[in-house]
Amino acid sequence: MEHPVNDPGWPGEWLRGVLGICVLGILQSGPTYGYAIAAALAEGGLGTIKGGTLYPLLGRLEEAGLVTVEWRAGDGGPGRKYFSLTPAGTAELARQAAHWQAFTEVTRSFVDSHTHPEESPS
Amino acid sequence: MTISSLTKKWRDAFIMELRLRGATGAQIGDELALVESHCLDAGTQAQEAFGDPVDYARSVVVSATGGSRQVAASYGRALVARTIAQTVGLMTVLNVVPAVRKGGEVSFTLVDVVLVLILATFVVVLVAKSEAVMRYVVTGSILVVGLSAAVLVGLLVLVGFIPAIFSVAVPTGPAAAAGIALLVVPSLFGWPPAVDDAIVEPLAQEQGHGTTTRSASAALLRWFVPAAGLVMCAVRWWVP
């Protein structure tokens, strides 16, 4: 299946699993707003994340106490809603990052032999 | 003023679904501003960035804090009590009218008791399951909703055929006083106080849009039952 250059076409179930930790990782750099988060995700190679996917996730993070929000006035229009990590969010990011690191090491042990078949034991 | 990225159709459907899910006016205002802000930054329309408004509204986190839940529950109970009180008051004064006309005492029969029980049950269900009822009325076909209303009215008419197994006579003066008090006092004191739940943008400096309209409509709602009672008593007096 062909995908546009700027859309790597990651499977939806993969994205659903990692989007939360990726968003927390972006927020670690400081408070930012939704469109900027989506742009950072796209530039980082995750592809286009639509508002309909991103904002419910941000709402769940806020409900869980991992982020706080603040509306800031812009140049006309409705302003922008800024999201920032709470101390609990920072701790959760560290926990998930370590867990994810361990998980990827496990999955790579299954996958690596298939990406380099000349290296498989058989 | 920038052009909105939300079409009226998208916006209305989004607001309706959030209301049905119990979102407050402030929450709805926050979500609307979020959608519009994102679309302005992305240079796109709401349908493209957020998809179907009803589906998106169902994915939004609608959180009622403990305090607001308690307020809503308390308001619901007060509304049920007021509605039942005014219904009993209305039925009482409607029974007083023929008694005054003919001279004699006011009589209450099994029909009156059953009617009050049915209406009280209806009001309790309406308030307790308001989201489900509203969703049924808003999303159901006209035929189904119309038939449901017809069945309810038919049930109330059938009650009138219940035999007068017993009859309780009450002096006209006390019955009239009690009926008028139950009917008028809740409206006179504006009880329970109306909840102002207008949709407000998060950065809005003023919240005055539509205040006059809300006050006029609130007054109409507040005095609707006593006014209806007055009209019904007049009809009963002139058309016995």
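The values are calculated or read from the model by the stated rules, or taken from the named source; none is laboratory data. The structure presented is a predicted model; accordingly, all values stated were derived computationally and were not measured. Note that each Cβ is placed from the backbone with ideal geometry, even for glycine, and that neighbours are counted across all protein chains shown. Accessible surface areas use protein heavy atoms only, side chains included; no ligands, DNA or RNA. Shrake-Rupley method; radii C 1.70, N 1.55, O 1.52, S 1.80 Å.
Charge dipole of chain A (Cα centre as origin; +1 on each Lys and Arg Cβ, -1 on each Asp and Glu Cβ, all else neutral): 520 debye, rounded to the nearest 20.
Within the listed set B:Gln86, B:Gln27, B:Gln47, the residue fluctuating most in the Gaussian network model of chain B (springs between alpha-carbon atoms under 10 angstrom) is B:Gln47. Note on A:Tyr33: accessible area approximately 50 square angstrom, rounded to 10, probe 1.4 Å, nucleic acids and ligands left out. Total buried accessible area between B and A, probe 1.4 Å, nearest 100: 1700 Å².
Coupling constants for the stretch A:50-57 follow from the phi torsions by the Karplus curve (6.51 cos²θ - 1.76 cosθ + 1.60, θ = phi - 60°), and in residue order they are 6, x, x, 9, 6, 5, x, 4 Hz; glycine and proline get x. Among A:Arg16, B:Arg236, the order of accessible area from largest down is A:Arg16, B:Arg236, computed with a 1.4 Å probe on protein heavy atoms. For the pair A:Ala36 and B:Asp197, a Förster radius of 22 Å applied to the C-beta separation gives a FRET efficiency near 0.10, rounded to the nearest 0.05.
Normalised Debye scattering of chain B at q = 0.11 Å⁻¹ gives log10 I(q)/I(0) of -0.77, counting only Cα atoms as equal scatterers and leaving out solvent.
Placing unit charges on the Cβ atoms only, positive for Lys and Arg and negative for Asp and Glu, gives chain B a dipole magnitude near 1020 debye about its Cα centre.
What's the whole-number percent of alpha carbon pairs in the protein assembly as shown lying beyond 25 angstrom? Value for the protein assembly as shown: 68 percent of Cα pairs lie more than 25 Å apart. When B:Val159, B:Val144, B:Val133 are compared by accessible area of protein heavy atoms, the largest-first order is B:Val144, B:Val133, B:Val159, using a 1.4 Å probe. Can you find, among A:Val106, A:Pro78, A:Ala91, the residue farthest towards the positive end of the dipole of chain A? Put +1 on the C-beta of Lys and Arg, -1 on that of Asp and Glu. The residue sitting most towards the positive pole is A:Pro78. About its Cα centre, the dipole of the protein assembly as shown is roughly 2080 debye, where the only charges are +1 on Lys and Arg Cβ and -1 on Asp and Glu Cβ. For B:Leu147, the solvent-accessible surface computed with a 1.4 Å probe is close to 100 Å², ligands and nucleic acids excluded. If you take the charge dipole of the protein assembly as shown about its Cα centre, with +1 on Lys and Arg Cβ and -1 on Asp and Glu Cβ, which of A:Pro31, B:Gly76, B:Ala49 is farthest toward its positive end? Farthest towards the positive end: B:Gly76. The angle between the Cα long axis of helix B:211-238 and the longest principal axis of the Cα atoms of chain B comes to about 20 degrees, rounded to the nearest 10. Among residues other than A:Leu58 with Cβ under 15 Å from its Cβ, the summed charge is -2 (Lys and Arg +1, Asp and Glu -1). Counting charges near B:Phe166 (Lys, Arg +1; Asp, Glu -1) among other residues having Cβ under 15 Å from its Cβ returns a value of -2.
Amide H to amide H distances under 5 Å link A:Tyr33 with A:Phe83, where only residues 5 or more positions off or on other chains count and H is placed in the peptide plane.
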